[in-house]
Amino acid sequence: MSNIFEALPTHGTRNTRGFGLLEPLLAKKRAQTANQLIPNQLRHGRVLDIGCGSHPYFLSHTYFKEKFAIDQLKKPQSVAEINWFSLNLNDEPHLPFEDEYFSVITMLALVEHLSPPSLVALFTDVYRTLKPGGKLIITTPAAWSDGLLRILARLRMVSEEEIDEHEFAYTLPLLGWYFGTAGFEMRKVQFGYFELLLNMWATATR
């Protein structure tokens, strides 16, 4: 499966707002991690990538019947095949979609940009818009790595613009609590680490 994703086209060479020498590699690792967590049978439905960024690397490197994106920025001209919605989810953490609309929802390097109250509301709406058996997939920096990321941002290794927008550092147990508050059953939640424990992934199945 990984060869299929690597063969898909890339839109542009930048992967985030701001500049960082490691950003292309980090975007690729997040996309690979998310793709490995998606069961093949869910790819026949719709995927929503929340906080896809100005250069939606994951959506450009995954296969789904239909692709949707939400970001606070306007849609780039280079992603015509993606259904794009421009929203500020910290101000309005609600999804403009019908109940049980998506097979998969991803939030890659997003939750650290959201305040805890906004995250509670957004997770609740994610649960509402997922089909039964659908999956939420999250990646986020490990809480202990926040100081390291800020040092790397000053060294222009990661995007200083995006690091400065981090609202909160979440832990895996705390994310589990948010999942439960939104209605996900804990027996359907999984957690793990990647990139030398610097980043975390979490999934919750409705």
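The values are calculated or read from the model by the stated rules, or taken from the named source; none is laboratory data. A quick note: this is a predicted structure, and the numbers were derived from the prediction, not measured. So basically every Cβ, Gly included, is an ideal-geometry build from the backbone, and we count neighbours across all protein chains shown.
Points worth noting:
- Selection within region 149-175 - over 28 Å from residue 204 (Cα atoms), assigned to a helix (DSSP H, G or I) and out of contact with any Ser or Thr (no Cβ under 9 Å at 6 or more places or on another chain): 150, 151, 152, 154, 160
- Among the residues making up region 40-54, those that are on the phi < 0 side of the Ramachandran plot and touching a helix residue (DSSP H, G or I) at 6+ places or on another chain (Cβ under 8 Å) are 47, 48, 49, 50, 52.
- Any hit, region 95-104, residues being over 30 Å from residue 149 (Cα atoms) and of a type in the set (Ser, Thr, Tyr): yes
- In this entry, residue 91 passes the filter for residues that are under 25 Å from residue 142 (Cα atoms) and charged (D, E, K, R).
- Residue that is modelled with the lowest pLDDT [pool: residues in region 22-35 that are out of contact with any Phe, Trp or Tyr (no Cβ under 9 Å at 6 or more places or on another chain) and surrounded by 13 or more Cβ atoms within 10 Å (Cβ to Cβ)]: 22
- Number of residues in region 116-127 that are over 16 Å from the mean Cα position of the chain (by Cα) and within 20 Å of residue 38 (Cβ to Cβ) equals 0.
- Looking at 181, 205, just one residue is in contact (Cβ under 8 Å) with a residue 40 or more places away in the chain, exposed (fewer than 14 other Cβ atoms within 10 Å of the Cβ), under 25 Å from residue 129 (Cβ atoms) and out of contact with any Leu (no Cβ under 7 Å at 6 or more places or on another chain), and that residue is 181.
- Restricting region 84-126 to residues that are among the polar types (S, T, N, Q) and at pLDDT 95 or above, the residue that is surrounded by the fewest Cβ atoms within 10 Å (Cβ to Cβ): 124
- Total residues in region 184-195, condition at pLDDT below 95 and either part of a loop (DSSP other than H, G, I, E, B) or crowded, with 17+ Cβ neighbours inside 10 Å (or both): 1
Residue by residue, here is whether (1) polar (S, T, N, Q); (2) within 17 Å of the chain's Cα centre (by Cα) holds:
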{"position": "129", "(1), (2)": "yes, yes"}
{"position": "136", "(1), (2)": "no, yes"}
{"position": "145", "(1), (2)": "yes, no"}
{"position": "149", "(1), (2)": "no, no"}
{"position": "180", "(1), (2)": "no, no"}
{"position": "197", "(1), (2)": "no, no"}
{"position": "204", "(1), (2)": "no, yes"}
